[in-house]
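Heads up: the structure comes next, in C-alpha cells.
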Amino acid sequence: MAIEAIHTPRLGRLRPLATEVSLLVVLFAIYKWGRTLIEGSVAHATSNAHWIWHLERALPFPSEKTVQHFFLQWDHTAFLANLYYVGVHFPGTAAFLIWLYVRHRDHYKRVRTQLVILTAAGLAVHMFFPLSPPRLSGFGMVDTMLTVGPSAYPAQANGIANQYAAMPSLHFGWALLVAIAVIRVSTSKWRWLVALHAPLTLFVIVVTANHYWADCAVATALLAIAMLTVHLATRRNRKPTRPIPPAPTTHEAIPLPTEPAEDRTRELVGAA
C-alpha cells in the first residue's frame, strides 16, 4: 500500500505527458501516411514547378539557383546543410514541444494546436497542388542530398516518402512557429538565438534545392491562419462572468435596523 501511495502521484503527473506524446506521434504518423497516399502525377508536379519558377522570376528576388551556386563554392556547405535539414527539423521540434510542456505548460496547448492546424493545412495543399522540388524539376540545381548526403529520402521511390510535396515547406513553417513561440514564452536572454532557426532553415532548404521561396511564403500564410484561428477560438471560449458577492457565514452577525439618534432624543424629551 505504501509503495502504491508513493507511485500513484508520480503516475498521475506522467499520464498527461504520455497522452500528449502519443497524440503527437499518431498525428505525425497520419501526416506521413497521408503524404504517401497522394497520387499526383510527376508531370503535373513538374508543370506546377515550372509555373512557380516563372512566377518567382517576375519578382525582384534572386533565383534559388543563384543562391545555391554561390554558397556551394565553399567546401562542406552542402554536407552541413543536408545535416541540418535531416537532423534538426523533427528532433528539434520534438525537443521544443517537450521543453514547452515541462517549463511553460500554460502555453503548450495553444502552440500544439497551432502546429496541428498548420500541418493539416499543409497536407491539404500537398493533395491539391503537387509540386516537385527544384532539385527534381530540371532547373540546373544540384541535388546535394544525392551527390553529398546525408539524404532525407530513399534512393528509389518505394512509397515511404512523397518527394513531390514541396508546397508548402513545413520545414520552414515549423521553424518559424518554434522561433515565434520561444521568443514570446521564454524570458531568457538567449531566446533570441532561437530566432535564427527560421532564417537558417530558409537558407538550408534553398541551398539543398528542396524548396522554392514560394513554399516558404505559403507556409508563413498558413501559420498566420493557424495562429489567428487559435486566437479567435480562445477568445470566444473566455466568457466574461460577473463577480458574485460572498454570502454571509453563520458566524457573521446580521445588523439590525436602528433608529436615528435625533428621533430617539426627541422621544426622551417629550416623555420628560
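Numbers at a glance
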quantity	calculated
Potential extension, L23-H107 segment - 0.36 nm per residue separation minus Cα distance	28.5 nm
Förster radius 25 Å - calculated FRET efficiency between F71 and T220, Cβ distance, rounded to 0.05	0.65
Karplus 3J(HN,Hα) series, Hz, for region 41-49 with 6.51 cos²θ - 1.76 cosθ + 1.60 (x for Gly, Pro)	5, 4, 4, 5, 5, 6, 4, 4, 5
Chain lengthening between I183 and Y31 when straightened (0.36 nm per residue, less Cα-Cα)	52.0 nm
Computed magnitude of the charge dipole of region 23-134 (debye, nearest 20; Cβ of K, R +1, Cβ of D, E -1)	480
Neighbour-count ranking [beta-carbon atoms within 10 angstrom, fewest first] of I205, I30, I180	I30, I180, I205
Amide H partners (placed H, <5 Å) of L131, local residues excluded	A165, A166, M167
Inter-site label distance for F79 and H231 at 7 Å from Cα along Cβ, in nm	4.4
Taking S47, S188 and counting other C-beta atoms within 10 Å, the order from fewest to most	S188, S47
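Computed from the coordinates by the stated procedures, all read-outs in this text should not be read as laboratory data. For clarity, every value in this text was computed on a predicted model and none was experimentally measured. Cβ: placed from backbone, ideal geometry, glycine included. Neighbour counts: every protein chain shown.
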